[in-house]
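Colleague: Below is the structure I would like to discuss, written out as structure tokens.
The values are calculated or read from the model by the stated rules, or taken from the named source; none is laboratory data. The shown structure was predicted, so the numbers you read here are calculated from the model rather than taken from an experiment. Note that each Cβ is placed from the backbone with ideal geometry, even for glycine, and that neighbours are counted across all protein chains shown. What goes into the accessible areas is simple: the full protein's heavy atoms, side chains included, and nothing from ligands, DNA or RNA. Shrake-Rupley method; radii C 1.70, N 1.55, O 1.52, S 1.80 Å.
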Amino acid sequence: VIVPLVFSSLVVGVAELKDIKKLGKIGLKTFVFYFLTTTFAIILGLAFTNVLKPGSGFTLPTTLKEVKVNEAPNFIDTLINIIPSNPMKSIVDGSMLQIIVFALILGGGLLSLGETKSKPVFAFFDGISNAMISITNGIMKLAPIGVLGLITPVIANNGPKVIIPLIKVIFIVYLASIIHALLVYSSSIKIFTKMKVRTFFRKASTPFFVAFSTASSAGTLPVSMETAEEEMGVSKPIASFVLPLGATINMDGTAIMQGVAVIFVAQAFGINLDFMDYITVIATATMASIGTAGVPGVGLITLSMVFASVGLPVEGIALIMGIDRILDMTRTAVNITGDAVCTTIVAYQNNDFNTDVFNDKECKDELFA
Ligand code: ASP
């Protein structure tokens, strides 16, 4: 499932950037904001997990102990091999970095064709991507049984204390998410708009909690749009460009989780990552965030491309599968809040912003008023 899912989602993600071209400066600003905040989010996830070390001494389930740990490719080889000489072979071999590069090139090719000409191929990949997500959802229905089988013997043999590392992972993802919101989102609102940070967060709480409970950026989109236009004073054209794009490609929360997961699994398997591996993780997790569809659980699947890029065993993803929904709730809430920050900034700077609406104390949702 992984290769066709990642490949088609990435092609579609890049081809959807067509609006950026159309919107010139606004598009560029949005893209740069999304890109920088995502990069920062991954670094935060990597840093926190390195310091708190949830994976050291983790008791691996017996089946995973037998998993072959891939030799991490050295950076120069990675760079040289990044352009596939035969993309079909890369797909068959599951060489993730080459697949990503080819998906980017193909997505870029579709972009250059323009909407009319690219439509059939775009629709084809969009269809594959949706079918893969649907298959993934089916597989995820079986995941609880798999996780039960994987974790039960570990707890039976070692006692409940083996769950502590997983609780630590949840703690780190939540902590990094809060820090990301406080550091990046508050300061961005403060620096790039003159609006009150508190008012922003109060109003952003409605889509935040919808995202938290549904774990779906796409599902939360209508609420985000309504909040941006009616509560924050963002103009309709800006909201309807920045928010859908964000729900598709901007996933800071997913990036945090992926940073945490990479280090956690590396620690659990006793694999050392060097500086170049970190750079590779940052680059591939940014791509993964573009390729992650805004529906529950997909961030866990695109995590495989990050793992594969630095030689981590993809089977390691099973370690966090059992807690993924808890992580998914918070990461989706962060994903959605990042989009709300961006749309507020872009609208404000473009004079497409109604300050009176933003400052209006009345919050439609009584619960958060
Ligand atoms: N559930 C996330 C979202 O919809 C995507 C993910 O699985 O990370 O934003």
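Colleague: Mind telling me which of LEU273, LEU28, LEU46 comes out most flexible in a GNM of the chain, alpha-carbon contacts under 10 Å?
Modeller: Sorting by GNM fluctuation, first place goes to LEU28.
Colleague: Just want to confirm a number: the relative contact order over the chain, from Cα pairs under 8 angstrom separated by 6+ residues, in percent.
Modeller: Here the relative contact order equals 31 percent.
Colleague: What is the gain in length, in nm to one decimal, between SER112 and THR355 on full extension, counting 0.36 nm per residue of separation less the C-alpha to C-alpha distance?
Modeller: This chain segment gains 83.7 nm when fully extended.
Colleague: If you average over every viewing direction, what projected area does the convex hull of the Cα atoms of region 214-326 give, in nm²?
Modeller: Across all orientations, region 214-326 yields a mean hull projection of 7.4 nm².
Colleague: If I take every Cα pair under 8 Å that is 6 or more residues apart in region 203-256, average their sequence separation and divide by the length, what percent do I get for the relative contact order?
Modeller: 33 percent
Colleague: I've got another one for you. Of the chain, which part is the longest with no trypsin sites (Lys or Arg not before Pro) in a loop (DSSP not H, G, I, E, B) and with at most 10 other C-beta atoms within 10 angstrom?
Modeller: Longest site-free region, per DSSP loop and neighbour criteria: 195-360.
Colleague: Using the eigenvalues of the Cα gyration tensor, what equivalent ellipsoid semi-axes result for region 270-369 when each is taken as the square root of five times the eigenvalue, whole Å, largest first?
Modeller: Semi-axes, largest first: 37, 18, 10 Å.
Colleague: Could I ask something else about it? Ignoring ligands, DNA and RNA, what percent of the accessible area of the chain is carbon or sulfur (1.4 Å)?
Modeller: Ligands and nucleic acids excluded, carbon and sulfur reach 67 percent.
Colleague: Work out how far the C-alpha atoms of the chain reach from end to end along every principal axis, then list the three figures in whole Å, largest first.
Modeller: Per principal axis, max minus min of the Cα coordinates gives 61, 50, 37 Å.
Colleague: So, one more: What FRET efficiency comes out for the pair VAL121/ILE178, r = Cβ-Cβ distance, R0 = 41 Å, nearest 0.05?
Modeller: Given R0 = 41 Å and the Cβ-Cβ separation, E is 0.50.
Colleague: Let me ask something additional. Can you tell me what percent of all Cα-Cα pairs in region 264-309 are more than 17 Å apart?
Modeller: Summing the P(r) tail past 17 Å for region 264-309 gives 36 percent.
Colleague: P(r) tail for region 141-278, what percent of Cα pairs lie past 26 Å?
Modeller: 41 percent
Colleague: If r is the Cβ-Cβ distance from LYS236 to ASN272 and R0 is 56 Å, what FRET efficiency results, to the nearest 0.05?
Modeller: Details: r = 51 Å, r/R0 = 0.91.
The computed FRET efficiency comes out at 0.65.
Colleague: Sticking with this structure for a sec: Distance check, please: which entries in LYS25/LYS236; LYS53/LYS141; LYS29/LYS194; LYS29/LYS190; LYS29/LYS236 exceed 22 angstrom between their Cα atoms? Working shown, then result.
Modeller: Details: LYS25/LYS236 17 Å; LYS53/LYS141 30 Å; LYS29/LYS194 18 Å; LYS29/LYS190 17 Å; LYS29/LYS236 17 Å.
Correct reply: LYS53/LYS141.
Colleague: Evaluate the distance, in nm, between pseudo-label points positioned 7 Å from the Cα of THR59 and of LYS141 along their respective Cα→Cβ axes.
Modeller: In this crude label model, THR59 to LYS141 measures out at 3.3 nm.
Colleague: Write down the accessible area per residue of the chain in Å², having rolled a 1.4 Å probe over the full set of protein chains.
Modeller: Per-residue value: 45 Å².
Colleague: Pop a pseudo-label 7 angstrom from the Cα along the beta-carbon direction at both LYS190 and MET88 and give the gap in nm to one decimal.
Modeller: So the two model labels end up 5.7 nm from each other.
Colleague: Now a separate question. I'm checking a number: the convex hull volume of the Cα atoms of region 241-295, normalised per residue, in Å³. What is it?
Modeller: Expressed per residue, the convex hull around the Cα atoms of region 241-295 is 74 Å³.
Colleague: With contacts defined as alpha carbon pairs under 8 Å and 6 or more residues apart, what's the relative contact order of region 154-274 in percent?
Modeller: So the answer I get is 23 percent.
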